[in-house]
Amino acid sequence: MVNSKSITQIAVFASGGGSNALKIIEYFKHSEVARVALVVSNKQNAGVLSIAAEHGIPTQIIDRQGFYETEELLDILKRFEINFVVLAGFLWLAPGYLVRAFSRKILNIHPALLPKFGGKGMYGHHVHEAVKATGETETGITVHFVNEHYDEGDFVFQASCPVALEDSPEDIARNVLVLEHRFFPQTIEKVILAG
């Protein structure tokens, strides 16, 4: 039996449906490297909360005021012995106290090849519509460390896929999601093991 203390305890932060969170939960379910110990969301009706419940993972709802004006979240993360944070479709900018407490231990996935199509307001369909509008011939994903600015942390991993002339933003989104699901969990694992 592996000592659970030696297993990295991950908190997944998500604002939406949680398809990436689900892939991460499943990937680490029987891992000796890490496990998802907490799901944090800023939306009470986020689909990710149901996914967490189905897998017996505790959840925490946060509000904007508490997130930005207090450091209560650090106490919550400490209580669950969290030592790594993953942003999987979490739309709020990480506050300085969180970035400092988890220096180079917060990963985000962005649905484009940064530095293109990053920054405030560039998430989800906004990204894919911009990729289409500018006539890009390829797009992809970027996994990066989180700092106090949107999408500016050091890159950890990128993967690309072609964009065909006839692709709609929805087609682009589907192709990018395949990359996210395929590469995000294993990239998290590699970063933890390299830690």
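The values are calculated or read from the model by the stated rules, or taken from the named source; none is laboratory data. Fair warning: this is a prediction, and the values are worked out from it, not measured in the lab. Every residue, glycine as well, gets a Cβ built from its backbone with ideal geometry; the counts of neighbours run over all protein chains shown.
At-a-glance table
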quantity: Residue under evaluation E166, criteria (1) loosely packed, with under 13 Cβ neighbours inside 10 Å; (2) part of a helix (DSSP H, G or I); (3) of a type in the set (D, E, K, R), criterion not met; calculated: (2)
quantity: Qualifying position, being under 16 Å from the mean Cα position of the chain (by Cα), at pLDDT below 95 and more than 23 Å from E72 (Cβ to Cβ), among G124, G118; calculated: G124
quantity: Candidate set: segment 43-80, residues that are touching a helix residue (DSSP H, G or I) at 6+ places or on another chain (Cβ under 8 Å) and assigned to a loop (DSSP other than H, G, I, E, B); chosen: the one surrounded by the fewest Cβ atoms within 10 Å (Cβ to Cβ); calculated: E71
quantity: Filter result for the condition that a residue is surrounded by 14 or more Cβ atoms within 10 Å (Cβ to Cβ), in contact with an Asp or Glu (Cβ under 8 Å, 6 or more places away or on another chain), among the hydrophobic types (A, V, I, L, M, F, W, C) and under 21 Å from S15 (Cα atoms), over I188, I141; calculated: I141
quantity: Among (1) surrounded by fewer than 16 Cβ atoms within 10 Å (Cβ to Cβ); (2) within 18 Å of F183 (Cα to Cα) - the single one P115 does not satisfy; calculated: (2)
quantity: Test: residue in segment 29-42 that is assigned to a helix (DSSP H, G or I), over 15 Å from G153 (Cβ atoms) and hydrophobic (A, V, I, L, M, F, W, C); calculated: no
